[in-house]
Amino acid sequence: MKDIETRTDLEQLLWAFYTRLLNDPGISYIFTDIAKINLEEHMPSLTDFWELSLFHTGSYKKNPMQIHLDLNAQERLTGEHFSIWLGHFNTTVDSLFTGLNAEKIKTRAESIATVMKIKLYNAQN
């Protein structure tokens, strides 16, 4: 297996990852029923986010925390949701890639999930 090296690699990872998420009833409803995500339309933005996060390139300009705060206002995002999300993310990375960037993206995902959980918890209290 190779490492994550390009935007195309990120697209491959993200399509596989979201396929897993959308097939998991413990979390899929958040994307389909609450956020009503159109993955075809949303994928470029997701790829932009991870391209910026991993490679420090790309054009991502949105505020992911605000997006999740707004989503949390509609459906409380729990620690279990974040655990499912992170589990699928790590499993997907490990099934497709190996190397420094593969490990880096998993670490970034865990950091992002941790910060979001803390901020969402603080917003609720």
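What follows draws every value from the coordinates through simple rules; no lab data is involved. Bear in mind the structure is a predicted one, so any value in this text is a computation, not a measurement. Virtual Cβ from ideal backbone geometry, glycine too; neighbours counted across all protein chains shown.
Note: relative contact order over the chain, using C-alpha pairs below 8 Å and six or more positions apart, is 37 percent. Relative protection proxy for 52-60, 2-10, from highest mean packing down: 2-10, 52-60 (other beta-carbon atoms within 10 angstrom). Quarter the surface of the alpha carbon convex hull of the chain and you get the mean projected area, 7.2 square nanometres. Projecting the Cα atoms of Ile37, Gln74, Ser59 onto the charge dipole of the chain (Cβ charges, centred on the Cα centre) puts Gln74 farthest toward the positive pole. Hey, how many Å between the Cα centroid of segment 23-56 and the Cα centroid of segment 68-125? Computed from Cα coordinates, the inter-centre distance equals 12 Å.
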